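Colleague: Here you go, one structure.
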Amino acid sequence: MTTPRLRVVHAINFRILPLPDTVLMLEGQRYVAIGSRLHRKPDGTDVPLVVWRSHCAECGMPFECSTTLKGSHPNRRCPEHHSPGAAVTRKGQARQKKFLARKWRRKAASPTGR
Ligand SMILES: [Zn+2]
């Protein structure tokens, strides 16, 4: 007798990394955990990320994305249809604006050779 140990969750709220094949249903989109990786933060600490496989909400092509263990939002589209210019949350928009402002300031302030 074999019982598939398929686990389905409906939110990204893990204490530890989910097992491979854990299924995440998020707003009608299905993600399957395929592994994990470590992400080095600028301050030097490593955060574990869950690597998911899903299908693009736009074209249905499989793609992979990664999230943190808690409360993050995975991509809903493949890299081709993913629009980095369109942040979904207000917080994300603010962060993006700040990032762009810094980027332009740095560019403007760069010495043009002297
Ligand atoms: Zn796509």
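Colleague: Could you give me the residue pairs with C-beta distances under 9 Å whose first residue belongs to the stretch 38-61 and is closer than 18 Å to Leu24 by Cβ, whose second residue is acidic (Asp, Glu) and within 14 Å of the ligand (Cβ to nearest atom) wherever it lies, and which are 6+ apart or on separate chains?
Modeller: Pairs that qualify, where the first residue is closer than 18 Å to Leu24 by Cβ and the partner is acidic (Asp, Glu) and within 14 Å of the ligand (Cβ to nearest atom), are Val51/Glu64; Trp52/Glu64; Arg53/Glu64; Ser54/Glu64; Cys56/Glu80.
Colleague: Further question on the same structure: Which of the strands (runs of 3 or more DSSP E) found entirely inside the stretch 14-86 contain at least 2 residues meeting this: of a type in the set (D, E, K, R)? Write out each step before concluding.
Modeller: Numbers: elements: 23-26, 29-40, 46-55, 62-67.
Per the criteria, 29-40, 46-55.
Yes/no matrix, rows are residues, columns are (1) within 16 Å of the ligand (Cβ to nearest atom); (2) over 15 Å from the mean Cα position of the chain (by Cα); (3) surrounded by fewer than 17 Cβ atoms within 10 Å (Cβ to Cβ):
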{"site": "Leu6", "(1), (2), (3)": "no, yes, yes"}
{"site": "Asn13", "(1), (2), (3)": "no, no, yes"}
{"site": "Thr22", "(1), (2), (3)": "no, yes, no"}
{"site": "Tyr31", "(1), (2), (3)": "yes, no, no"}
{"site": "Thr45", "(1), (2), (3)": "no, yes, yes"}
{"site": "Trp52", "(1), (2), (3)": "yes, no, no"}
{"site": "Met61", "(1), (2), (3)": "yes, yes, yes"}
{"site": "Ser66", "(1), (2), (3)": "no, no, no"}
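Colleague: OK, next. Could you check the stretch 33-43 and list, in sequence order, the residues that are exposed (fewer than 11 other Cβ atoms within 10 Å of the Cβ) and hydrophobic (A, V, I, L, M, F, W, C)?
Modeller: Passing the criteria: only Leu38.
We did not get these values from a lab; they are worked out from the coordinates using the rules stated. Only a predicted model underlies this, so the values are computations on that prediction, with no experimental measurement involved. Counting neighbours? That spans all protein chains shown, and the Cβs are built from the backbone with ideal geometry, glycine included.
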